[in-house]
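Worksheet for the structure shown next.
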Amino acid sequence: MSDTAPRNPVSAPQMLADALLRSVAGTTALLRVTGANTDTSQSEVGLVATTFEDVVVSPVVMRKLRPTWKEGGESKYELLVSATSVETQINALDIGSAQALFALTLAVTVDGKDYLIESIASSEAFGAPYLYRLLLREAGQQAI
Amino acid sequence: MQNAKDSFYMALRTRLATINPERTILVRGAVRPGILVEEAEAPFSQIPSDVFVLRWQGLGVDVDLASTLVAEECEILYQTFGTQSFGGLDRGRLLSAMDEELVAMLQPFYTPKLNYGSTPPAAMLTQVFWDEPGFTASVTLRDRLSRSAKVLVYSYQEQGE
């Protein structure tokens, strides 16, 4: 639901969020996005990997969440992502929304390590997101 | 056993597309019939609703036969929240509809075994067959209604498998 107050939407919240992310040593994250399937029967049974593309988003800030140790459990992280960067990639890839982009994302790579997306939230001002929060956990896939 | 697992999934997928073409899911940018194999997709924290999810579990092998018989247990999970226009009040009806679709999908209880490693898939000599599903009681968690069914899927090991 958008804010109906008589104020003109400006990009100040987005610029402020980007400045804050950069000021706390913002880095770059790669979203490993899958292409649309062409050979459905083989890709549906895990036989042929679909095409992947690394989508760059920056600035982002990653922080480890409060450690709650559990046998066999992976650490969890929170990735704060610039909404302007996501918006740029949505337009470049011609994807409908940020949710669609994250739905296509198989893994997030930060500093060479892969993470899986657990949940997604966004912070909004004037009806437009200025920051996305991705809850991540470490991926256990084999490097080939 | 992988060929049997693939053939079982593809049989159910094809049958679902005929039984209820409107039950679809958008996965990796492609619209597919509303059934997927959990181990062949990106991990999800919660199974998607209004689709069937195949989870492969137990495994048994009988080697005291002319051909080795392999049995693998498949759990088919599904859940629904109802529809938004009904305020979720139709979730019981939707779960019943999924129950019926699953029973229809599993019949007949056999399908030809194909090797999906080649293009086009190569027909093998034997068939994959399974027994009747064992349904669990439905589980209610707030507005979510879920159920699972377990099916034992059998196949004979062929040369090269």
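The values are calculated or read from the model by the stated rules, or taken from the named source; none is laboratory data. Predicted model, so just to flag it, every value in this text is computed and none were measured. Quick reminder, even Gly has a Cβ in these numbers, built from the backbone with ideal geometry, and neighbours come from all protein chains shown.
Filtering A:Val108, A:Val56, A:Val81 for residues that are modelled with pLDDT of 90 or more, surrounded by fewer than 17 Cβ atoms within 10 Å (Cβ to Cβ), assigned to a strand (DSSP E or B) and within 10 Å of the chain's Cα centre (by Cα) leaves a single hit, A:Val56. Would you check if there is a residue in the stretch B:74-84 being touching a Gly at 6+ places or on another chain (Cβ under 7 Å), of a type outside the set (Lys, Arg) and in a loop (DSSP other than H, G, I, E, B)? Yes, the stretch B:74-84 has at least one match. Every listed requirement among (1) more than 14 Å from every other protein chain (Cβ to nearest Cβ); (2) at pLDDT below 95; (3) under 20 Å from the mean Cα position of the chain (by Cα) is met by B:Thr83 save one, (3). On the stretch given as the stretch B:1-35, residues that are within 11 Å of chain A (Cβ to nearest Cβ), in contact with a helix residue (DSSP H, G or I) (Cβ under 7 Å, 6 or more places away or on another chain) and among the aliphatic types (A, V, I, L, M) total 3.
Residues that are farther than 23 Å from A:Glu44 by Cβ, in contact with a strand residue (DSSP E or B) (Cβ under 9 Å, 6 or more places away or on another chain), charged (D, E, K, R) and in a loop (DSSP other than H, G, I, E, B) within the stretch B:113-160 comprise B:Asp131, B:Glu132, listed in sequence order. Tell me yes or no: at least one residue of the stretch B:58-79 is within 30 Å of A:Ala107 (Cα to Cα) and free of Cβ contacts under 8 Å to residues at least 40 places away in the same chain. The answer is yes; a qualifying residue exists. Within the stretch A:107-144, the residues that satisfy the criterion of being hydrophobic (A, V, I, L, M, F, W, C), farther than 17 Å from A:Thr28 by Cα and out of contact with any helix residue (DSSP H, G or I) (no Cβ under 6 Å at 6 or more places or on another chain) are A:Ala121, A:Phe126, A:Ala128, A:Ala139, A:Ala143, A:Ile144.
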